[in-house]
Amino acid sequence: MLALDGITKTYDAAGRRVDVLRGLSLVVPAGDMVSIMGGSGSGKTTFMNIVGLLDRPTNGSYHIGGQDVLAASPDTLAVLRNRLIGFVFQSLFLMPRLNIWRNVALPLMYRGLALVEARRAAEAMLARVGLGDCAQMMPPQLSGGMRQRVAIARALVGEPAVLLADEPTGALDPTTAQEIMDLFRTLNRDLQVLVMIITHDPLIAAQCRRQLVLRDGVLEG
């Protein structure tokens, strides 16, 4: 379960106080699938960075699976981020000089897992997302939808509690975008991982069990 309570985020912009998030609270049960929509300036990026343990709020509490993640030191927080959060970034950030299974195995290598075990886990996750025959291919050889599947496999290979996807279909054609959403729903059902999708597309948001809107630093819905 993911639980945020009273989250605020304030910046000092040229001596002027800017309240980006204003007392935001949210509880998402384990295994749920939720979408977060928000326009430019709504606080969506700041919210995503806090959920992903990339930034700390000014005030409030944040627990994942009952663990107070904000109480952790910076070093411990990096470990928690690696173990608790799986990221699918809008820009994907695949390593072009690494083959597909090595890209997927990166989170496990950062944990110090032996290469043979990391490869086995990466290839199993690639098979789960429909790329079992592509392990030796390089990212430039893949279509946009295939690269998105690699990014999803990489996000899930470490068995995180939360899968956080930032505009995961924004650069895809409608048919491929629907295939990716079908994959998210299947993985959510089969792995019982909490999926949070940040999107501007109401058609994508509507496919999640729960839809929320972030407006002026406050969640609605």
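Amide H to amide H, which residues 5 or more places from Q90 or on other chains are under 5 Å from it, using H placed in the peptide plane?
Result for Q90 returns D166.
Mean separation of Cα pairs under 8 Å and 6+ residues apart, divided by the residue count of the range 73-141: what relative contact order is that in percent?
Over the range 73-141, the number comes to 37 percent.
Size of the dipole of the chain about the Cα centre, Lys and Arg at +1 and Asp and Glu at -1 on the beta carbon, nothing else charged, in debye to 20?
Dipole about the Cα centre, nearest 20: 320 debye.
Using the Karplus curve 6.51 cos²θ - 1.76 cosθ + 1.60 with θ = phi - 60°, what ³J(HN,Hα) values do you get for each residue of the range 73-90, in whole Hz, with x for Gly and Pro?
Result, rounded to whole Hz: 5, x, 5, 5, 4, 5, 5, 4, 4, 5, 8, 9, 10, x, 9, 10, 7, 4.
For an R0 of 30 angstrom, estimate the FRET efficiency from the Cβ-Cβ distance between D182 and Q67 and round to the nearest 0.05.
Numbers: r = 32 Å, r/R0 = 1.05.
Rounded to the nearest 0.05, the efficiency is 0.45.
About the Cα centre, and with charges only on the beta carbon of Lys, Arg (+1) and Asp, Glu (-1), how big is the dipole of the range 50-128? Nearest 20 debye, please.
Numbers: 9 positive and 5 negative charges, 63 e Å.
Here the range 50-128 has a charge dipole of around 300 debye.
By how many nm would the segment from A3 to N82 grow when fully extended, if each residue of separation counts as 0.36 nm and the alpha-carbon distance is taken off?
Contour length minus Cα-Cα distance gives 26.6 nm.
Can you show me the helix-derived [θ] at 222 nm for the chain, built from DSSP H runs with n ≥ 4 at -39,500 (n - 2.57) apiece and divided by the number of residues, rounded to the nearest 500.
The helix contribution divided over the chain gives -11000 deg cm²/dmol.
Let me know the whole percent of all Cα-Cα pairs from the range 76-221 that are separated by more than 17 Å.
In whole percent, the share of Cα-Cα pairs in the range 76-221 beyond 17 Å is 60.
Among G170, S40, L142, flag the residue with its Cα farthest along the positive direction of the charge dipole of the chain, charges on Cβ as +1 for Lys/Arg and -1 for Asp/Glu.
Of the listed residues, the answer is L142.
Only counting other Cβ atoms within 10 Å, I'd like M1, M196 sorted with the fewest neighbours first. List each step's numbers first, then the result.
On the way: M1 15, M196 25.
With the sparsest Cβ surroundings first, the list reads M1, M196.
Roughly how many nanometres apart are two label points built 7 Å out from the Cα toward the Cβ at R22 and R209?
3.1
How many nm is it between the label spots at Y110 and N59, if each spot is 7 Å from the Cα in line with the beta carbon?
Result for the modelled spin labels: 3.2 nm.
Where a number appears in this text, it was derived from the coordinates with a stated rule and is not lab data. Nothing here was measured: the structure is a model prediction, and the numbers come from that model. We place every Cβ from the backbone using ideal geometry, glycine too, and count neighbours over all the protein chains shown.
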